[in-house]
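First comes the structure, then the notes that go with it.
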Amino acid sequence: MLGVLMALAATSEVDTGTVLLLGTGLLGGFTTMSTFGFETMRLVQSGSNTIAVAYVLLNMLAPLMAWVGWEAAHAIAA
């Protein structure tokens, strides 16, 4: 689907914002989530359960910490 989107963008007047939203935002999210699931299952199947749990927790914690940092920066700047 990403290839089709890029081909359409290269041959017609498609808005750059639309290409970025659909290509990077929507379709890129599918590949990121697939990789996350695949790597987690690979770790579990290889018997690395502790590493798998740490991998999941850190991947869930990172966006939360980014939000905390964002809010802290706004609080300091205000």
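A few comments on the model shown:
- Radius of gyration (Cα atoms) of the chain, expressed as a multiple of 2.2 N^0.38 Å: 1.58.
- Max mean-square fluctuation residue, GNM over the chain, Cα-Cα springs under 10 Å, options 41, 65, 33: 65
- Membrane-span-like helices in the chain, defined here as complete DSSP H runs extending at least 24 Å along the helix axis by their C-alpha atoms with mean Kyte-Doolittle hydropathy no lower than 1.0, are 49-77; this is a sequence and geometry rule, not a statement about a membrane.
- Label zone at residue 53, where the point sits 7 Å out along the Cα-to-Cβ direction: segment 24-41 residues whose backbone N lies under 18 Å: 40-41
Each reported figure results from applying straightforward, stated rules to the coordinates on display, with no laboratory input. In this text the structure is predicted, and so the values were computed from the model without any measurement. We place every Cβ from the backbone using ideal geometry, glycine too, and count neighbours over all the protein chains shown.
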